[in-house]
Amino acid sequence: MYPEKNNKPRLHSSVKFFFLLVSPFLFFSKLIAQPQVSVLMRYVPGFVEVVLIPDGSFDGVVSNFQLTLTAEGVGGGPFTLTQPPEAAAYIPMQAAGSPVILGNRFYQKYAGFGLQTLNSQSVGWIAGGEYVIMRLPIATVSWEPGLDNWTMENNGQFYVELNGKDRTGSILGASKLEGLHNNRFSPIQSVKVFPNPSRQDITLNLEMTQKTDISASLWNYEGRQLWLTHFTTEAGGQQFSFSLPPLPPSVYLLKLETQDFSFTFLTLVITP
């Protein structure tokens, strides 16, 4: 009796070697192919929104997010935060400890830990997308992410983990409701829009530190871009006038963007 012949196809030894060589790289590339995530504080009527902006696609686990908010001349808190339902499912946030007041400066740490994948919540991040993680009822003073010694010494600096890996990006600029830009790294020192409310024609009053190319766009609260224009400023104060397309009466966000990814958001009201 002869042993039964095995007729199953076999991989050539060179092909086996190729898969043994490549498989670890495929595995680890999937682990590390995760975007960096930046944070933006966006002011809307009555609230400040904390927004995460990835520089690539992602649908895994936002395993950790923390941020300290700080301001001068304010007390109270921790403020009651709210979250969009999908954000609350994949990264539930809460105040981390009691607020701290040092002199006239107020600090509050916030932190969240996620276990659910974005995909499990039918959510998928895309590069450049803006994802509201939490909202706080504070929009009457100038708030900013903590970057000072107290924040660093108390482990409260901005931090993001995706799938357990540090993917912390940058802190992007933000603006007060009245339009004063508070990002010290931006060429935009101040910006105001008038008239506001407006019907269709608006004027931007800008203070710039240098010649800068700027994109101006108008967005509704569903995240749809409705208008876009480009212009170049010189250093110093100047005005630019624009005619907006016909729009239904509502509240919109006017977004100014420079090449170095500094953003300003202004609330613009369109009247009948």
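The values are calculated or read from the model by the stated rules, or taken from the named source; none is laboratory data. Not measured: the values here are computed from a predicted model. Ideal geometry is used to build each Cβ from the backbone, glycine not excepted, and the neighbour counts take in all protein chains shown.
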> Across region 80-98, what is the number of residues that are in contact with a strand residue (DSSP E or B) (Cβ under 9 Å, 6 or more places away or on another chain) and without any contact (Cβ under 8 Å) to a residue 24 or more places away in the chain?
Replying inline: 6
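If you go through region 225-272, how many residues are outside any strand (DSSP E or B), modelled with pLDDT of 80 or more and surrounded by fewer than 18 Cβ atoms within 10 Å (Cβ to Cβ)?
We begin by selecting, within region 225-272, every residue outside any strand (DSSP E or B); these are 234-235, 244-249, 259-262, 271-272.
Okay, now just the ones that are also modelled with pLDDT of 80 or more, so 234-235, 244-249.
Adding the requirement that they be surrounded by fewer than 18 Cβ atoms within 10 Å (Cβ to Cβ) leaves 234-235, 245-249.
Of the residues in region 225-272, 7 are outside any strand (DSSP E or B), modelled with pLDDT of 80 or more and surrounded by fewer than 18 Cβ atoms within 10 Å (Cβ to Cβ).
When you scan region 205-215, how many residues do you find that are in contact (Cβ under 8 Å) with a residue 40 or more places away in the chain and of a type outside the set (Asp, Glu)?
Qualifying residue count, region 205-215: 3.
Can you list the strands (runs of 3 or more DSSP E) lying wholly within region 86-160 that have 1 or more residues being surrounded by 15 or more Cβ atoms within 10 Å (Cβ to Cβ) and of a type in the set (Lys, Arg)?
Of the strands (runs of 3 or more DSSP E) lying wholly inside region 86-160, those with at least 1 residues that are surrounded by 15 or more Cβ atoms within 10 Å (Cβ to Cβ) and of a type in the set (Lys, Arg) span 105-112, 131-136.
Only residues that are exposed (fewer than 14 other Cβ atoms within 10 Å of the Cβ), in contact (Cβ under 8 Å) with a residue 40 or more places away in the chain and in a loop (DSSP other than H, G, I, E, B): list them for region 190-204, please.
So the first thing to find is which residues in region 190-204 are exposed (fewer than 14 other Cβ atoms within 10 Å of the Cβ), and the list is 194-195, 197, 199-201.
With the extra rule that they be in contact (Cβ under 8 Å) with a residue 40 or more places away in the chain, the set shrinks to 197, 199-201.
Across region 190-204, the qualifying residues are Pro197, Arg199, Gln200.
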